[in-house]
Amino acid sequence: MTGPLTGIKIVELAQMIAVPGATHLLATQGAEIIKIENTTGGDDLRMYGSRKGNMSGWFANANSGKRSIGLNLEEETAKEILRSFIRDADVFIEGFRPGAVTRLGFSADE
């Protein structure tokens, strides 16, 4: 998709609706969104409400236009993969409680 945000790369580490909904709007304006999901079922929104297979309508609406990858962020290899995505991105956005990303081993200085 092209638009005013074409060429902007965003890494999203979030679940449910607030952040995924916001980044979906950015994707509609041309941003490239890489969604990071856990490896034990993905975003909880996948199973919220009626669904087809492993994808609910809510999930499809909030995440269309994105690429996603499942990473187990308890493993160092997965953390390095996420770090490489963040290094290549223009924006890193997360939607967890304060300190959650720090507890995973990431800092704002990265």
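Of the numbered conditions (1) charged (D, E, K, R); (2) in a loop (DSSP other than H, G, I, E, B); (3) farther than 20 Å from I10 by Cα, R46 satisfies every one except a single condition; which is it?
With (1) charged (D, E, K, R); (2) in a loop (DSSP other than H, G, I, E, B); (3) farther than 20 Å from I10 by Cα applied to R46, the lone miss is (2).
Among the residues of the stretch 4-36, which ones are modelled with pLDDT of 95 or more, surrounded by fewer than 18 Cβ atoms within 10 Å (Cβ to Cβ) and part of a loop (DSSP other than H, G, I, E, B)?
Correct list: P4, T6, G7, I8, Q29, G30.
For S50, indicate whether it is more than 21 Å from G99 (Cβ to Cβ), surrounded by fewer than 17 Cβ atoms within 10 Å (Cβ to Cβ) and touching a residue at least 40 places away in the same chain (Cβ under 8 Å). Step through it out loud before you land on a result.
Numbers: more than 21 Å from G99 (Cβ to Cβ): yes; surrounded by fewer than 17 Cβ atoms within 10 Å (Cβ to Cβ): yes; touching a residue at least 40 places away in the same chain (Cβ under 8 Å): no.
Against the criterion (more than 21 Å from G99 (Cβ to Cβ), surrounded by fewer than 17 Cβ atoms within 10 Å (Cβ to Cβ) and touching a residue at least 40 places away in the same chain (Cβ under 8 Å)), S50 does not qualify.
Results for (1) under 28 Å from M1 (Cβ atoms); (2) out of contact with any strand residue (DSSP E or B) (no Cβ under 8 Å at 6 or more places or on another chain), shown as yes or no for each residue.
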position: Y48; (1), (2): yes, no
position: R51; (1), (2): yes, yes
position: W58; (1), (2): yes, yes
position: E80; (1), (2): no, yes
position: D88; (1), (2): yes, no
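I'm checking my understanding of the structure. Among residues of the stretch 101-110 that are over 15 Å from the mean Cα position of the chain (by Cα) and in a helix (DSSP H, G or I), which one is nearest to A31 (Cα to Cα)?
Kept after step one, since they are over 15 Å from the mean Cα position of the chain (by Cα), are these residues of the stretch 101-110: 102-110.
Add one more test, that the residue is in a helix (DSSP H, G or I), and what stays is 102-103.
On the way: T102: 26, R103: 28 Å.
Per the stated criteria, the residue is T102.
Could you run through the stretch 71-100 and say how many residues are among the small types (G, A, S) and more than 19 Å from A27 (Cβ to Cβ)?
Start the filter on the stretch 71-100 by keeping residues that are among the small types (G, A, S), which leaves 78, 84, 89, 95, 99-100.
Then drop every residue that is not more than 19 Å from A27 (Cβ to Cβ), which leaves 78, 84, 99-100.
Looking only at that region, the number is 4.
Which residues, counting only those in the stretch 49-92, are more than 15 Å from the chain's Cα centre (by Cα), of a type outside the set (S, T, Y) and part of a loop (DSSP other than H, G, I, E, B)?
G49, G53, N54, E74, E75
The values are calculated or read from the model by the stated rules, or taken from the named source; none is laboratory data. Just so it is clear, the structure is predicted and the values come from calculations on it, not from any experiment. With ideal geometry, Cβ positions are generated from the backbone for all residues, glycine too; neighbour counts draw on all protein chains shown.
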